[in-house]
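Below is one structure, written out as C-alpha cells, with a few remarks after it.
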Amino acid sequence: MTMAWWQFGAIAALILGLAYLAAVLRGRGSTTLFLLLALVAGALTWVSIGLMLGGIAPGRTGLMLPADTGLVPPQNEALRQERVLYEMLSERHPEAAPRIAEIEKLRTSGADAGMRRARLTLLASYLPVYAPRASDSSIRAFAALAVENLQGLLGRDAMLCREIAAGRHAAMTENLNQRAALALIDVLSSAMVQPQTPPDAGEAIMLRRQVIDAIYEKPDPALVERRLLARSAEAPPEAYCRTFIRVFQEILTLPPEQSSKVLRLYYGQEGERG
C-alpha cells in the first residue's frame, strides 16, 4: 500500500501540529499528555516513512525488501545475453544442455573459477561451427582479444604461445577469461540471430596471402622463416609466435569486410547445422 504526496503532506501537518501541542503542554507542566502526544507523533512519523517507501502493507510486520518494491536493479545484461545464447544452443545442439546445466550449477554454488573455465570451454567448442556466419564486428573483436592473449603469453611462455597460435592448444590468460567469454557470446549470437553468408575461401586465402607477402617484403630477423609458417612444430617458439601476432595485427588493419572474411575462414568450418 502506498500513498499520494498530498496524503504525506496531510500526515506531516498533523505530526507538526501534534508536536507543537506537545511542546505547549510540556511548557504548562502536563507531562502525561506531552508524552502521549509525543508517542503518537513518533508513530505517525514511522508509518509515513514506511508508506513512502512502499514498505508497509496490510498483514506485514516489517519493511518490504527491495525485490518486493520493484526497486532492484535489472538483471545483469551480460548474464541475460549469456542465458539467451544458452537457450539457442540447447535448441540447436541438445548435447550442450548438460554442460550448460553444469555451468549454472557452478555459478549458483559460487565456484566462479570453475564456472569461468567450463563456460569458456563450452563457448569455444562451438566457435568453428558459427564463426563463418558471425558478424564482422564480433569476429574482429574476438581476433583482437586473441592477439592480446598471445602478446601476454609471449614473454612468459613462448612455447605455449606457439602451441596456441598453431591451434594445438587452447588457453586464455585468467585476466582475459571474462572478456573472451563475452566476445564468444557475441560471435555465436550474431551467427544465430543474423547469420551472414560464409566467406569465399579463395578470396579469404588470397587476402591473407597478400598480408603475409607484405610482411616479408623487407627482411626482419625477428620474424620466423616463411617456410616455417606452415611447419610450426619445427619453428622457434618465440619467432613463430611473434610472427603470428604480426600477421593478425596486419589482418585487423584491413577494411572490416575484408578482415572479417579472413578471420571467419580461419576460425570457422561449416558445421552440420551451422
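Every read-out reported here was derived from the displayed coordinates using simple, explicitly stated rules and does not represent laboratory data. What you see is a predicted model; the values in this text were computed from it and never measured. Because the Cβ atoms are built from the backbone with ideal geometry, glycine has one as well, and the counts that use them run over all protein chains shown.
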Run the quick spin-label model on Arg92 and His169: label points 7 Å from Cα toward the beta carbon, then report their separation in nm to one decimal. 3.1
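Just subtract the alpha-carbon distance of Arg226 and Lys105 from 0.36 nm times their residue separation and send over the number in nm, one decimal.
On the way: separation 121, 0.36 × 121 = 43.56 nm, distance 4.73 nm.
So the chain would gain 38.8 nm between Arg226 and Lys105.
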